[in-house]
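The values are calculated or read from the model by the stated rules, or taken from the named source; none is laboratory data. Since the model is a prediction, treat every value here as computed from it, not as a measurement. Don't worry about glycine lacking a Cβ; one is built from the backbone with ideal geometry, like all the others, and counts go over all protein chains shown. Please note that ligands, DNA and RNA were not included when accessible areas were found on the heavy atoms of the full protein model with its side chains. Shrake-Rupley method; radii C 1.70, N 1.55, O 1.52, S 1.80 Å.
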Amino acid sequence: MGLLDSAPVLDRQGPTPIYAQVKAVIDRAISSGELEPHRRIPSERELSARFGVSRMTVRQALLEMIEDGQLYTRSGKGTYVAERKIEQPLQRLTSFTQDVTARGLRPSSRLLQADLLPAPIELAHALGIGPGAELVRIRRLRLADGKPLAIETSHLPHARCPGVLEHDLEHGSLYEILRREYGLELASARQTIEASAPTREERQLLELPAGLPVLRIHRFTSDRAGLVSEFVQSAYRGDRYQLHVELR
Ligand code: GLP
């Protein structure tokens, strides 16, 4: 019997507000897979009967879950379970492949552009190479379980990974190729993140519903010796991606 079928026992005397307990029960039903993404959850009326609490209490729980991005509403149709977000931990350097795999999804890429270009002055400076030195540019649409999640454009000094464009960049991880083939181990990064409106091309590639923002991430990634070796511009679907940080 599922969590939402039985009458969940709520602690009515304890310090945890009832709405937070209702939220926790629904949250467990989502994380256990009982309520799958895009499934409609029972109505406010049904939930209030099942939990033995007021509709106001249920509404407060649902509203918070909508704000957190765990649920979404379709006008006149009800409340649905949202797709689980992919988390990028901010205190540890991870690759796209690792972030997506950690969520139990299958990562893949579509190569949009792969070429060499002379480094513009500012970028050359940041990457510690001479202006005009060869830069590798790799632009990929990144997908999780076949669904577009991000567009990433990596720039790397060609001298640090000569011939990298000859590798299969559509399957597997760029970081893995850099490590395996060039002994280039990316270990730390400086990242800036902002929400912004997508361009028309980004909206199409990411299959973004109208009105949704992208998370724009700029990142300078360094190798183990602290040498800046990659500059990445990426646009992530704002509704599918979550940045995670622990503050101490
Ligand atoms: C993350 C980073 C990018 C990096 C990519 C490499 O998404 N934000 O800066 O280029 O990982 O991913 P992969 O090794 O899966 O190709």
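In the stretch 49-71, of all residues being out of contact with any strand residue (DSSP E or B) (no Cβ under 7 Å at 6 or more places or on another chain) and outside any helix (DSSP H, G or I), the one that is farthest from residue 33 (Cα to Cα) corresponds to 54.
Note on the stretch 87-137: residues that are more than 22 Å from residue 226 (Cα to Cα) and open to solvent by less than 30 Å² (accessible area, probe 1.4 Å) amount to 3.
On inspection, residue 156 does not qualify as more than 10 Å from the ligand (Cβ to nearest atom) and either open to solvent by less than 60 Å² (accessible area, probe 1.4 Å) or modelled with pLDDT under 95 (or both). Taken over the stretch 206-234, the criterion of being open to solvent by 20 Å² or more (accessible area, probe 1.4 Å), over 23 Å from residue 72 (Cα atoms) and of a type outside the set (Lys, Arg) is satisfied by 218, 220, 223, 225, 226, 227, 228, 231, 233.
Counting residues in the stretch 47-66 that are at positive phi, in contact (Cβ under 8 Å) with a residue 12 or more places away in the chain and open to solvent by 80 Å² or more (accessible area, probe 1.4 Å) gives zero.
Taking the criterion of being under 29 Å from the mean Cα position of the chain (by Cα) and either in a loop (DSSP other than H, G, I, E, B) or free of Cβ contacts under 8 Å to residues at least 24 places away in the same chain (or both), the only residue of the stretch 125-138 that qualifies is 135. Screening residue 201 on (1) out of contact with any strand residue (DSSP E or B) (no Cβ under 8 Å at 6 or more places or on another chain); (2) outside any loop (DSSP other than H, G, I, E, B); (3) in contact (Cβ under 8 Å) with a residue 12 or more places away in the chain shows it passes everything except condition (3). Among the residues making up the stretch 75-105, those that are in contact with an Asp or Glu (Cβ under 7 Å, 6 or more places away or on another chain) and over 17 Å from residue 237 (Cα atoms) are 81, 91.
Answer yes or no as to whether residue 237 is within 14 Å of the chain's Cα centre (by Cα), at pLDDT 95 or above, more than 11 Å from the ligand (Cβ to nearest atom) and open to solvent by 20 Å² or more (accessible area, probe 1.4 Å). No, not satisfied.
Taking (1) away from the ligand (no atom under 16 Å from the Cβ); (2) of a type in the set (A, V, I, L, M, F, W, C); (3) part of a helix (DSSP H, G or I); (4) within 24 Å of residue 216 (Cα to Cα) in turn, residue 116 satisfies each apart from (3).
Only one of the numbered conditions (1) among the basic types (Lys, Arg); (2) touching a strand residue (DSSP E or B) at 6+ places or on another chain (Cβ under 9 Å); (3) within 14 Å of the ligand (Cβ to nearest atom) is not met by residue 77, and that is (3).
The lone criterion from (1) away from the ligand (no atom under 11 Å from the Cβ); (2) touching a strand residue (DSSP E or B) at 6+ places or on another chain (Cβ under 7 Å); (3) open to solvent by 60 Å² or more (accessible area, probe 1.4 Å) left unmet by residue 162 is number (2).
Considering the stretch 12-25 alone, what residues qualify as being more than 12 Å from residue 60 (Cβ to Cβ) and part of a helix (DSSP H, G or I)?
24, 25, listed by residue number.
Residues in the stretch 68-86 that are surrounded by 14 or more Cβ atoms within 10 Å (Cβ to Cβ) and within 18 Å of residue 243 (Cβ to Cβ): 69, 70, 82, 83, 84, 85, 86.
Scanning the stretch 172-201 for residues that are within 10 Å of the ligand (Cβ to nearest atom) and more than 18 Å from the chain's Cα centre (by Cα), we see that the one that is most open to solvent (accessible area, probe 1.4 Å) is 179.
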